[in-house]
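Here the structure is laid out as structure tokens; the discussion comes afterwards.
The values are calculated or read from the model by the stated rules, or taken from the named source; none is laboratory data. What you are looking at is a predicted structure, and each value in this text was computed from that prediction instead of being measured. Cβ placement follows ideal geometry from the backbone for every residue including glycine, while neighbour counts extend to all protein chains displayed.
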């Protein structure tokens, strides 16, 4: 799978991942979380923002499981669950897409926490893990 | 929103297509030229009368550029060259762009076309879907590189909210296959049962193989003219009663709504019907974008054709068959006819609304309405056509 493309807007997020921290950007004007990260707030158009560490817990709001390589060169191990997770403490604004590390069945509404991949020399990525109820 | 004076001012005067296949063995320019010449002749025009071009693609530029088509068709002039990069989401807005140029008096006859060898010769590109600051950096690293991974999470959320499962998708796939079997240009002609659907392999859950759009080579084209110019045609006049385009936001998070499955369709449909001066009860046929069964069913609900969570049941009960309340995807759609990013949906609506009706079903002579050979709907007057997510939409009308 292709590594993330880092740009001026996204760099703090990916640097956080490398340090094992899930970072979120919120607006200093109105407090709204911005996702994906960007210079100007879509709500109040303020240019000021702050980055802070998030707890990394949240709830699955959408999911698919890739069972067959959708195109030539798709090299991820299958089946590959991809989940959308609404992160706690972000006012429902930050819904992060990532893979789910799971050997069981996941469903919409399940609670997850965030870990990070740890491949030698590669950008670390967030990965979700089901929380035990 | 457009001024009401746009209403019915423009018409779709000609339609054409090439054969649809898995490997055309021809260039996209040849395919597009065939479809264009057919559409121009169908409109009763000469190629030299075309003075504007619109094409559409998603990601990779796999359709011939307008400049190529100016050369291929030998056009003496071209006053509009528009490439719509929204793909199937904006199929209807590509038609709208053509109509706006005609309505503004800039062009007289605009050709909307798409020709591509999607499976047999995809364009070589390391990064086909690149947009600066787009949402792909947030999906690609996790293997979300396919439309099913882009829309699937929203479909899964909608299924969860309404207690639906994949088996609820079967009846739509089966119905559209039955429609395709009455369509000579449709690629998928083999009969399909609910069992066939349920036994087809998982591709990307919640979708099985028979939930997915075809991926094919081919071309389709249509001509947009002023309604005045189209009058006197043997086909009657099929007008553009209303048109809208424009997404309400990238689908990283749902479309600015309180839930996780409301698409742009819900807001667009309200405005589209108001612009057309109609209500859902006036719609006779609907050609709704169907990249996957589940997305098509969400479109049915969010365009107001069925209550929330009830589209699959309504399909199973026959409400959307050729003789149902509203005939849905009567060509077979992307699931069973073929995929030209939504142009096929527009062309099917035009065929159904024309004086002579569809010309590529199995009827010999006049339409019999015998569903073993005829796919013509009984005297439809108003058609809804929608692009993916309801990011664009058209109301087409048969002029009385």
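Selection of helices (runs of 4 or more DSSP H) fully inside the range B:251-356 by the criterion of at least 2 residues being within 28 Å of residue A:109 (Cβ to Cβ) returns B:265-276, B:293-302, B:311-316. Of all the numbered requirements in (1) within 14 Å of chain A (Cβ to nearest Cβ); (2) in contact with a helix residue (DSSP H, G or I) (Cβ under 8 Å, 6 or more places away or on another chain); (3) surrounded by fewer than 24 Cβ atoms within 10 Å (Cβ to Cβ); (4) outside any strand (DSSP E or B), residue B:192 misses one, and that requirement is (1). Could you say whether any residue in the range A:20-30 is crowded, with 17+ Cβ neighbours inside 10 Å, more than 28 Å from residue B:148 (Cβ to Cβ) and more than 18 Å from the chain's Cα centre (by Cα)? There is at least one residue in the range A:20-30 that is crowded, with 17+ Cβ neighbours inside 10 Å, more than 28 Å from residue B:148 (Cβ to Cβ) and more than 18 Å from the chain's Cα centre (by Cα). Checked against (1) crowded, with 22+ Cβ neighbours inside 10 Å; (2) within 14 Å of chain A (Cβ to nearest Cβ); (3) under 25 Å from residue B:16 (Cβ atoms), residue B:180 meets all criteria but (2).
Scanning for something under 23 Å from residue B:209 (Cβ atoms), at the interface with chain B (Cβ under 10 Å from one of its Cβ atoms), more than 18 Å from the chain's Cα centre (by Cα) and outside any strand (DSSP E or B), does the range A:85-106 turn up at least one residue? No - not one qualifying residue is present in the range A:85-106.
Scan the range B:195-226 residue by residue and report those that are touching a residue at least 60 places away in the same chain (Cβ under 8 Å) and away from chain A (no Cβ under 14 Å). Once the filter is applied, which keeps residues that are touching a residue at least 60 places away in the same chain (Cβ under 8 Å) and away from chain A (no Cβ under 14 Å), the range B:195-226 yields B:214, B:216, B:217, B:218, B:219, B:220, B:221, B:222, B:223, B:224, B:225, B:226.
Here is a check on your reading of the model: is residue B:173 buried (at least 22 other Cβ atoms within 10 Å of the Cβ) and within 20 Å of the chain's Cα centre (by Cα)? Answer is yes for this residue. Considering B:245, B:232, the condition of being at pLDDT below 95 and more than 28 Å from residue B:148 (Cβ to Cβ) is satisfied by B:232 alone.
Could you please let me know if residue A:62 is within 18 Å of the chain's Cα centre (by Cα) and surrounded by fewer than 20 Cβ atoms within 10 Å (Cβ to Cβ)? Judged against the criteria, residue A:62 is not a match.
Where residues in the range A:67-84 are modelled with pLDDT of 90 or more and touching a helix residue (DSSP H, G or I) at 6+ places or on another chain (Cβ under 8 Å), which of them is farthest from the other protein chains (Cβ to nearest Cβ)? The residue in question is A:83.
Within the range A:16-57, the set of residues being free of Cβ contacts under 8 Å to residues at least 12 places away in the same chain and either within 14 Å of chain B (Cβ to nearest Cβ) or in contact with a helix residue (DSSP H, G or I) (Cβ under 9 Å, 6 or more places away or on another chain) (or both) comprises A:40, A:42. Number of residues in the range A:20-37 that are touching a strand residue (DSSP E or B) at 6+ places or on another chain (Cβ under 8 Å) and under 28 Å from residue A:119 (Cβ atoms): the value is 8. Taken over the range A:1-15, residues that are farther than 25 Å from residue A:76 by Cβ and more than 13 Å from chain B (Cβ to nearest Cβ) amount to 1.
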